[in-house]
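One structure below.
The values are calculated or read from the model by the stated rules, or taken from the named source; none is laboratory data. Not measured: the values here are computed from a predicted model. Cβ sites come from the backbone with ideal geometry, for glycine too, and all protein chains shown count toward neighbours. For the accessible areas, the whole protein counts, side chains as well, though only heavy atoms, and no ligand, DNA or RNA atoms are used. Shrake-Rupley method; radii C 1.70, N 1.55, O 1.52, S 1.80 Å.
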Amino acid sequence: MSLVSRIDARTAKVSVVGLGYVGLALAVRLAEAGFHVVGVEKRRARATSIRAGKLPFSGREPGFSELLAQSITRGALTVVGELSAPEVASCDVVLLAVETPVERDHTPRYAALRSACESLGRVLRSGTLVVVESTVAPGTLDTLVRPWLERASGLSAERDFLLGHCPERVMPGKLLLNLRTMARVLGAHTEAAGQAMRALYRTVVEADLDVTDCLTAELVKTAENTYRDVNVAFANELALVCEASGGSFRRVRELVNKSPGRQVLEAGAGVGGHCITKDPWLLAHGAPEIDAQVISAARARNDDMPRHVLSLVASALGSVGRRLSGSRVAALGYAYLPECDDTRNSPSEVFVRLALAKGCEVRVHDPFVEAHTRPLEDVLDQADALVVLVAHEAYKRLDLDEVVARMRTKVLVDARGVVDRERAQRAGLVWRGLGEGAPRSK
Ligand code: SAJ
């Protein structure tokens, strides 16, 4: 029976390597689609939590917890700690969803991907479909992944195993929904690989499946996230201009976006996460001979936003005769996204570090981040400045009268557009909003 037929019959065995946000969502969706899935997760605590049918992360993920528990109870998803486990060697499809961060010098760090490819290569059988879901720089499948697999297995991606790249398109908070409803790019090394990938992904994806070559798939994924980073950088730079000129970014954005074909994004305290912060560097890495000026300038603008927010705090405190040094700053929000527990590359981390360096006493609150779930009142008590860094729902409903009553100095800096200026000023707060300039005296 051909691989495509075994996929159609759900008798093909599938392995997902790396049970992070991407891999675990994929594993439970494949299990729900009828496959027996072998998850490979080397982090013991994470593997133990998943084997117990418990999500290894918090944050709002509708339906995920139930689906995971069902997959485990039904025995449709099992978890092993190593790629060398015999359960993996018998798989017909292996999907690699391991981390591909960048180094401090912005070059890709492929250690996890290389290790997975070389371990898999040692047990790889002819006819197996290998798909990389991790985001990689353009050219990586052909120049690194394929040689790693071929050297370790002695097999050929042309004649023996099937190789492809289907970049992940999941987003925290909408993991399962996006996996089902987002179109996917299927980069295939050969025609046969494309057919097998199409058969596999149509069992879990209800949107377009666009078969192409691996390089195009690598370019699409890194480009789509770079596009977002550059557009956020534009919003941030426009916010700085509005602020300095006495304008209102919120109002300007609202009116610009009424113009056809404009969609100015949200200015904020910076760009975090493990996708948007690194994918621009992966795209640039694909053609190092190109001086990627727009990409690097956008990264620099976004990375500078926490510093700008701190300058707003300094200015607001200064207006009431306080310096940053010795002031108590209550930082609201530590995750990189609203309603999420993921703190990777969080701008809040940078803000806190900068504030401490200026001699501030900083207390952090975040309802989703375990280390910072202390009561909000504790963070507010005797604070001099309250800074909203993440647009968590809870911060949109702050009781400003209580905030004022608890604070020592009544300063509020809103870096995410969630606390209305008038409402704050009526409550007796000195308010600064990112992008919201002080109207110039006529
Ligand atoms: N951000 C802004 N202003 C914006 C949008 C985002 O400051 O207008 C900041 C966020 O606060 C966050 C960072 O950028 O710190 C990234 O936010 P994001 O909404 O892009 O969320 P991510 O990092 O989870 O991006 C993912 C990406 N999806 C994949 O890689 C599959 C991205 O392509 C999606 O556009 C994004 O989710 C999404 O739209 O949810």
Checklist entry - So is residue 94 of a type in the set (A, V, I, L, M, F, W, C) and out of contact with any Ser or Thr (no Cβ under 7 Å at 6 or more places or on another chain) or not? => result no
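Matching residues to (1) within 16 Å of the ligand (Cβ to nearest atom); (2) in a helix (DSSP H, G or I); (3) open to solvent by less than 40 Å² (accessible area, probe 1.4 Å):
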| residue | (1), (2), (3) |
| --- | --- |
| 277 | yes, no, yes |
| 287 | no, no, yes |
| 294 | no, yes, no |
| 302 | yes, yes, yes |
| 317 | no, yes, yes |
Item to check | Qualifying residues in segment 253-267 (those that are within 18 Å of residue 433 (Cα to Cα) and open to solvent by less than 50 Å² (accessible area, probe 1.4 Å)) - the one nearest to the ligand (Cβ to nearest atom) | outcome: 265
Checklist entry - Does at least one position in segment 234-241 carry a residue that is away from the ligand (no atom under 15 Å from the Cβ) and among the small types (Gly, Ala, Ser)? => result no
Checklist entry - How many residues does segment 151-177 hold that are touching a strand residue (DSSP E or B) at 6+ places or on another chain (Cβ under 9 Å) and either more than 30 Å from residue 342 (Cα to Cα) or among the basic types (Lys, Arg) (or both)? => result 5
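Residue-by-condition table, conditions (1) hydrophobic (A, V, I, L, M, F, W, C); (2) modelled with pLDDT of 95 or more; (3) loosely packed, with under 14 Cβ neighbours inside 10 Å; (4) closer than 21 Å to residue 348 by Cα:
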{"site": "391", "(1), (2), (3), (4)": "yes, yes, no, yes"}
{"site": "399", "(1), (2), (3), (4)": "no, yes, yes, no"}
{"site": "402", "(1), (2), (3), (4)": "no, yes, yes, no"}
{"site": "409", "(1), (2), (3), (4)": "no, yes, no, no"}
{"site": "413", "(1), (2), (3), (4)": "yes, yes, no, yes"}
{"site": "417", "(1), (2), (3), (4)": "no, yes, no, yes"}
{"site": "425", "(1), (2), (3), (4)": "no, yes, yes, no"}
{"site": "429", "(1), (2), (3), (4)": "yes, yes, no, no"}
Checklist outcome for this item: Within segment 148-195, the residues that are within 13 Å of the ligand (Cβ to nearest atom) and at positive phi are 173
Checklist entry - Given the structure, is residue 326 open to solvent by 10 Å² or more (accessible area, probe 1.4 Å), within 28 Å of residue 300 (Cβ to Cβ), more than 16 Å from the ligand (Cβ to nearest atom) and in a loop (DSSP other than H, G, I, E, B)? => result no
Checklist entry - In this structure, is residue 356 without any contact (Cβ under 8 Å) to a residue 40 or more places away in the chain and closer than 19 Å to residue 304 by Cβ? => result yes
Checklist outcome for this item: Scanning segment 335-349 for residues that are in a loop (DSSP other than H, G, I, E, B), closer than 25 Å to residue 381 by Cβ and either open to solvent by less than 40 Å² (accessible area, probe 1.4 Å) or near the ligand (Cβ under 8 Å from one of its atoms) (or both) gives 335, 338, 341, 346
Checklist entry - When you go through 59, 18 one by one, which is the residue that is at pLDDT 95 or above and at positive phi? => result 18
Next on the checklist: Regarding segment 216-224, can at least one residue be identified that is outside any strand (DSSP E or B), free of Cβ contacts under 8 Å to residues at least 40 places away in the same chain and either in contact with a Leu (Cβ under 6 Å, 6 or more places away or on another chain) or more than 16 Å from the ligand (Cβ to nearest atom) (or both)?
Outcome noted: yes
Next on the checklist: Name the residue that is modelled with the highest pLDDT, counting only residues in segment 321-377 that are within 20 Å of residue 275 (Cα to Cα) and charged (D, E, K, R).
Outcome noted: 349
Item to check | Matching residues in segment 241-255 - criterion: being under 21 Å from residue 420 (Cβ atoms) and assigned to a helix (DSSP H, G or I) | outcome: 242, 243, 249, 250, 251, 252, 253, 254, 255
Checklist entry - Quick one: in segment 158-177, which of the residues that are open to solvent by 10 Å² or more (accessible area, probe 1.4 Å) and not in a loop (DSSP other than H, G, I, E, B) is nearest to residue 25 (Cα to Cα)? => result 176
Next on the checklist: Here is a check on your reading of the model: is residue 309 within 22 Å of residue 390 (Cα to Cα) and either crowded, with 19+ Cβ neighbours inside 10 Å or among the aliphatic types (A, V, I, L, M) (or both)?
Outcome noted: yes
